[in-house]
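Undergrad: Let me begin by handing over the structure; questions about it come next.
The values are calculated or read from the model by the stated rules, or taken from the named source; none is laboratory data. Source: prediction; values computed, not measured. Don't worry about glycine lacking a Cβ; one is built from the backbone with ideal geometry, like all the others, and counts go over all protein chains shown.
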Amino acid sequence: MPVPHPTHTAAALTLTRRAALASAGGLLLAPITGLHAKPQPASPTTPAKPPAAPTVWPQALQVPGGVARLSLGPAAARPQALVRQGEVDVPLLVVGDAIEWTAIVGIPLAAAPGDAAITVRADGSGSPRPLHYAVAPKRYKEQHLQVSPRTVDLSPEDQARYERERDHQAQVMATFSEQPAGQALASLRMRVPVPGRRSSSFGLRRVFNGQPRNPHSGMDIAATTGTPIVAPLAGRVIDVGDYFFNGGTVWLDHGQGMLSMYCHLSRMDVRVGDVLQAGDAFCQVGATGRVTGPHLHWGVMLNRTMVDPALFL
Ligand code: ZN
C-alpha cells in the first residue's frame, strides 16, 4: 500500500506539524495535546518557548466577567448552543465554519467558580449534549464610598422611573439577531470607541454608605464632552434613550446576542434601526446621568451578560 499523501485539511496539517516537531531532535518528550500544551524544556538552562498561538478575539479568560471560547468541533451547519441563566435558556454566539465551530460564552460577574456547562445541539437534530468548562475564581477590588444619602436613596418618583427603565433595558438586552449589519461576523476584534485614559475598573465592587451596589460592569474612558465616539464593530442601533443612571445611552447589536452599550452621552446622532460600520462616529462623550465628570461608560454584552470590554481590544 502506498502511503497516502497528506491533504490540506486541518487534521492533516496538525499531524504534519506534530511529525515535524517529533523529528526535531526529540526535544519534545510529551505528546502535544493542543496549543496550550507546555513543551518540555531541553534542559533547565534553555527553556523552550511556548508555541506562538495566533491572537484571537475576544481573548478567553474563564473567570467571572470573562469569556470562554468553547470548541464545538466540525459540523456542516452552525450548531446551536445555549446557556441556562436563571429560568431561561439563552442562545450563545457561535462563530467559525464547517472545520470548527466555537461558542463564545460570556461568564456572569456573579458566577460561582467551579464547573459550568452549556448545551449544544447539532444542526437542529440529535439530542442536546452538555459541554463542561471550568470557571476560575477572580477577586475584584472593593471600593467603599460615603456619599450624601440623597444620592443613594431614590425618591419614590426616581425609583419608579428607574424600575420602568430597568424593565425596558432588560428587553433591549434580550435582543438576539442573526446578522443585523448584513454581514457575517468575520472578526470580533473591536477598536477603541474613543481615545482617552481607559480605566481597569471592570468588576469593581462598590459599596455606598455600607450598601453594596451592582459591580462596575463596563470600561470607563475619560474624554472631554463632545469627543466623537465610533462604532467598535459593525452593528445596528437597537436603543437610544435618556436614562436616570446611565444618561444619554445608545445600544448596538453586533449579532447573535453580542451587544454594546454607550452611556453618559451628550449627543446621539442615530435612531433605532440605523446600521453602522466599524469606525462610524455615532455619538459624543458627555456627563449625563449619575456621573461626576465627562467620560464614556462602555459595556460589552454576550448572552445577556456584561463582560470585560478589554478582552475585545
Ligand atoms: Zn462606568
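Undergrad: Name the one entry in 207, 250 that is within 23 Å of residue 160 (Cα to Cα), more than 14 Å from the ligand (Cβ to nearest atom) and buried (at least 19 other Cβ atoms within 10 Å of the Cβ).
TA: Sole residue among the options that is within 23 Å of residue 160 (Cα to Cα), more than 14 Å from the ligand (Cβ to nearest atom) and buried (at least 19 other Cβ atoms within 10 Å of the Cβ): 250.
Undergrad: Here's a follow-up. For the stretch 112-131, does any single residue satisfy the condition of being under 17 Å from the mean Cα position of the chain (by Cα), part of a loop (DSSP other than H, G, I, E, B) and under 28 Å from residue 205 (Cα atoms)?
TA: no
Undergrad: Output yes when any residue across the stretch 258-275 is in contact (Cβ under 8 Å) with a residue 40 or more places away in the chain, of a type in the set (Gly, Ala, Ser) and away from the ligand (no atom under 16 Å from the Cβ), and no when none is.
TA: Scanning the stretch 258-275, I find no residue that is in contact (Cβ under 8 Å) with a residue 40 or more places away in the chain, of a type in the set (Gly, Ala, Ser) and away from the ligand (no atom under 16 Å from the Cβ), so the answer is no.
Undergrad: Please verify whether the stretch 138-151 includes one or more residues that are at pLDDT below 95 and of a type in the set (A, V, I, L, M).
TA: Among the residues of the stretch 138-151, at least one is at pLDDT below 95 and of a type in the set (A, V, I, L, M), which makes the answer yes.
Undergrad: Please verify whether residue 241 is part of a strand (DSSP E or B) and small (Gly, Ala, Ser), treating the condition exactly as stated.
TA: Yes: the conditions hold for residue 241.
Undergrad: A further question follows. Determine if the stretch 224-245 includes at least one residue that is within 17 Å of residue 304 (Cβ to Cβ), touching a helix residue (DSSP H, G or I) at 6+ places or on another chain (Cβ under 7 Å) and either among the hydrophobic types (A, V, I, L, M, F, W, C) or away from the ligand (no atom under 16 Å from the Cβ) (or both).
TA: From the stretch 224-245, those within 17 Å of residue 304 (Cβ to Cβ) are 235, 238-239; that's our starting set.
Among the residues that remain, those that are also touching a helix residue (DSSP H, G or I) at 6+ places or on another chain (Cβ under 7 Å) are: 238-239.
Checking the rest, the ones that are also either among the hydrophobic types (A, V, I, L, M, F, W, C) or away from the ligand (no atom under 16 Å from the Cβ) (or both) come to 238-239.
Within the stretch 224-245, one or more residues are within 17 Å of residue 304 (Cβ to Cβ), touching a helix residue (DSSP H, G or I) at 6+ places or on another chain (Cβ under 7 Å) and either among the hydrophobic types (A, V, I, L, M, F, W, C) or away from the ligand (no atom under 16 Å from the Cβ) (or both).
Undergrad: A follow-up question, please. Name the single residue, out of those in the stretch 286-305 being more than 11 Å from the ligand (Cβ to nearest atom) and over 15 Å from residue 225 (Cα atoms), that is surrounded by the most Cβ atoms within 10 Å (Cβ to Cβ).
TA: Top of the filtered list is 300.
Undergrad: When the stretch 132-144 is examined, which residues are found to be basic (Lys, Arg) and either assigned to a strand (DSSP E or B) or exposed (fewer than 12 other Cβ atoms within 10 Å of the Cβ) (or both)?
TA: Selection gives 139 alone.
Undergrad: Going through 89, 158 one at a time, which residue ends up being part of a strand (DSSP E or B) and either at pLDDT 90 or above or of a type in the set (A, V, I, L, M) (or both)? Explain how you work it out, then say what you get.
TA: Numbers: 158 fails: part of a strand (DSSP E or B).
Sole residue among the options that is part of a strand (DSSP E or B) and either at pLDDT 90 or above or of a type in the set (A, V, I, L, M) (or both): 89.
Undergrad: Taking residue 279 as meeting all but one of (1) under 20 Å from the mean Cα position of the chain (by Cα); (2) within 26 Å of residue 163 (Cβ to Cβ); (3) at pLDDT 95 or above; (4) not hydrophobic (A, V, I, L, M, F, W, C), write down the number of the exception.
TA: It is condition (2) that residue 279 fails.
Undergrad: Then there is this: Inside the stretch 256-304, can you point out the residues that are among the β-branched types (Val, Ile, Thr) and not in a loop (DSSP other than H, G, I, E, B)?
TA: Once the filter is applied, which keeps residues that are among the β-branched types (Val, Ile, Thr) and not in a loop (DSSP other than H, G, I, E, B), the stretch 256-304 yields 275, 300.
Undergrad: Count, please, the residues in the stretch 73-122 that happen to be small (Gly, Ala, Ser) and surrounded by 12 or more Cβ atoms within 10 Å (Cβ to Cβ).
TA: Adding up the residues that qualify gives 10.
Undergrad: Follow-up. Please work out if residue 177 is within 16 Å of the ligand (Cβ to nearest atom) and modelled with pLDDT under 95.
TA: no
Undergrad: Of the residues 239, 308, which single one is acidic (Asp, Glu) and either surrounded by fewer than 24 Cβ atoms within 10 Å (Cβ to Cβ) or not assigned by TED's automatic domain parsing to the domain that holds residue 204 (or both)?
TA: On the way: 308 fails: either surrounded by fewer than 24 Cβ atoms within 10 Å (Cβ to Cβ) or not assigned by TED's automatic domain parsing to the domain that holds residue 204 (or both).
Of the residues listed, the single one that is acidic (Asp, Glu) and either surrounded by fewer than 24 Cβ atoms within 10 Å (Cβ to Cβ) or not assigned by TED's automatic domain parsing to the domain that holds residue 204 (or both) is 239.
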